[in-house]
1. Name, by its number, the condition in (1) closer than 30 Å to residue 230 by Cα; (2) within 16 Å of the ligand (Cβ to nearest atom); (3) surrounded by 16 or more Cβ atoms within 10 Å (Cβ to Cβ) that does not hold for residue 278.
2. Scan the range 62-75 and tell me whether some residue there is open to solvent by less than 70 Å² (accessible area, probe 1.4 Å), more than 30 Å from residue 469 (Cα to Cα) and modelled with pLDDT under 95.
3. Before we move on, is residue 383 more than 18 Å from the chain's Cα centre (by Cα), over 26 Å from residue 289 (Cβ atoms) and either within 16 Å of the ligand (Cβ to nearest atom) or assigned to a loop (DSSP other than H, G, I, E, B) (or both)?
4. In the range 474-506, what count of residues is obtained for those that are loosely packed, with under 15 Cβ neighbours inside 10 Å and of a type in the set (Asp, Glu)?
5. Evaluate the following for residue 161: is it touching a residue at least 60 places away in the same chain (Cβ under 8 Å), open to solvent by 10 Å² or more (accessible area, probe 1.4 Å) and either closer than 23 Å to residue 43 by Cβ or basic (Lys, Arg) (or both)?
6. Which of the residues belonging to the range 316-350 are within 17 Å of residue 363 (Cα to Cα), assigned to a loop (DSSP other than H, G, I, E, B) and more than 16 Å from the ligand (Cβ to nearest atom)?
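The values are calculated or read from the model by the stated rules, or taken from the named source; none is laboratory data. Being a predicted model, the structure only gives us computed values, none of them experimental. Quick reminder, even Gly has a Cβ in these numbers, built from the backbone with ideal geometry, and neighbours come from all protein chains shown. Just so you know, the surface numbers come from the protein's heavy atoms only, side chains and all, with ligands and any DNA or RNA stripped out. Shrake-Rupley method; radii C 1.70, N 1.55, O 1.52, S 1.80 Å.
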Amino acid sequence: MKRKIMTLFVTGMLIKMLVSCQQPIPADLSKNNVIPVPVELNATGSSYQLSEKTKIYLQEGDSELNAIGKLLAKQIKGLTGLNLSIEEVPEKPANGIYLGVSANNDVLGKEGYSLVIEDKKVALNANKAAGVFSGVQTLVQCLELAGENNTQWIIPSGNITDYPSYGYRGVMLDVARHFFGVEDVKRVIDLAAMYKINALHLHLSDDQGWRIEIKSWPKLTTVGGSTQVGGGEGGYYTQEQYKEIVAYAKSRFMTVIPEIDMPGHTNAAYVAYPELNGTGKEAKLYTGIEVGFSTLDTRKEKTYEFVDDVVRELSEMTDGPYIHIGGDESHVTKEKDYVYFINRTREIVKKYNKTMIGWDEIAHADIDKSDIVQYWAKDENAILGVKKGAKVIMSPSKMAYLDMKYDSTTHIGLSWAGLTEVDKAYKWDPATLVEGIGKENILGVESPLWTETVENMDDIEFLVFPRLIGHAEIGWSQANKLNWDNYKVRVGKHAKRLKALGVDFYESKLIPWEME
Ligand code: TNX
């Protein structure tokens, strides 16, 4: 009898243990904190639990998926400590995390994805690898701790269907005023990619420094790259290093847009090659932060040989479709010379099969629907560009400029466009901001970080985060989903993640940060 009771007891314990292992932990995906907020999200109340045994399965035979699988494993490892193995499979498996590129769903486009989370499996499907990459960023954000003593990593169950509002979602880093090396740029790429930013605009030249090796004009870097704001030693990327950045960005589905700012902002270039100087004054290396005093000599053929060589070499190392030619604040270039210069430079960019982007002033030149105007300052310039058929990248300085101070006490940053607290940075709609510019005219959104006052990675992180996260949502999410009160709670929940990654973000008082 005793034995029978014992057997029953042990069997009961075993069953209980088995059931408790298999019983999914209840969780609510709708309480999630995903940024950018997805197009459609339905919660089903249960969860998928991760363990050391969880596998990442990849649809067979796709090298891009393989790379994404590895990045996913790395992100999961970083967050949870779990080592997931990766395996290619011919068919969707009955368990594990599956990544596939055969969604065959027009609505999803190139970057959209569908994510289905069930008790036993997670399936992420897209039309293209870029979509899987977007979905992976969502999936990682959905991971949370649950269960007894909060020790289990789970993904709340449900379905997410998601795709971007705008195809271009960028961040700009000015590496001319202060130079930042390859490792810093890679960190910016990684952090921005977590929020589905897909364009990295590098401001590679300005009065204070020339930062990209051009083999046919070697003194641009050896002389023009030798200093920076404040008189530090400056620096530049060799072509090999630049290509390394392009490849790293590409592996995160991000396009690099190189900018050579002309005909103004060119002091460093013509200190190296005085024959390009159009000011009639002798030039010296410059380490201050004034703008608008420099110009190339727009009427000299030599200048166009220079532009041709620079654009050719840049095009050869850039696999993306765009070359940014600057064009802003050319205050000492006569209007007719400015227009002449932009027109000729535009032809050179076209000759190398690239699309020209320029700051909004370029709308005064003979541009058309094959060009892109980056709105930063003047409505009338951007509107003129749109009238000529050009598409617009929205970077309104009052909301999108990451170098503006948050408030009057902010220790770095400028304030010429106003103070930009996190709510102001978030509360705008690209499609209604400027009368005469609608969604159909807009390529996307970009947040520029000018670095006159930015000296190191901590400074970058402090000004970029959290404002870029809000801009990422404006660029990706549907306009009717953008809501500050809801957003501030979600972004508050990102504090732990950001801290874990060592991001030195600005702890705005407007956001209910959850630090513990
Ligand atoms: C204006 S924005 C500039 C930059 C400065 C920036 C500082 C633009 C196209 N030109 O040269 O760095 O202000 O906020």
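1. Just one mismatch for residue 278, condition (2).
2. Checked the range 62-75: at least one residue is open to solvent by less than 70 Å² (accessible area, probe 1.4 Å), more than 30 Å from residue 469 (Cα to Cα) and modelled with pLDDT under 95.
3. When the stated conditions are applied, residue 383 does not pass them.
4. So the count comes out to 1.
5. Yes, satisfied.
6. 334
So that you can scan it fast, the table gives a plain yes or no per residue for (1) in contact with a Cys (Cβ under 9 Å, 6 or more places away or on another chain); (2) farther than 18 Å from residue 335 by Cβ; (3) touching a residue at least 24 places away in the same chain (Cβ under 8 Å); (4) not small (Gly, Ala, Ser):
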| position | (1), (2), (3), (4) |
| --- | --- |
| 361 | no, no, yes, yes |
| 381 | no, no, no, yes |
| 385 | no, no, yes, no |
| 390 | no, yes, yes, no |
| 412 | no, yes, yes, yes |
| 425 | no, yes, yes, no |
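Yes/no matrix, rows are residues, columns are (1) at pLDDT 95 or above; (2) more than 16 Å from the ligand (Cβ to nearest atom); (3) part of a loop (DSSP other than H, G, I, E, B):
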| site | (1), (2), (3) |
| --- | --- |
| 409 | yes, yes, yes |
| 433 | yes, yes, yes |
| 448 | yes, no, no |
| 455 | yes, no, yes |
| 473 | yes, yes, no |
| 489 | yes, yes, no |
| 504 | yes, yes, yes |
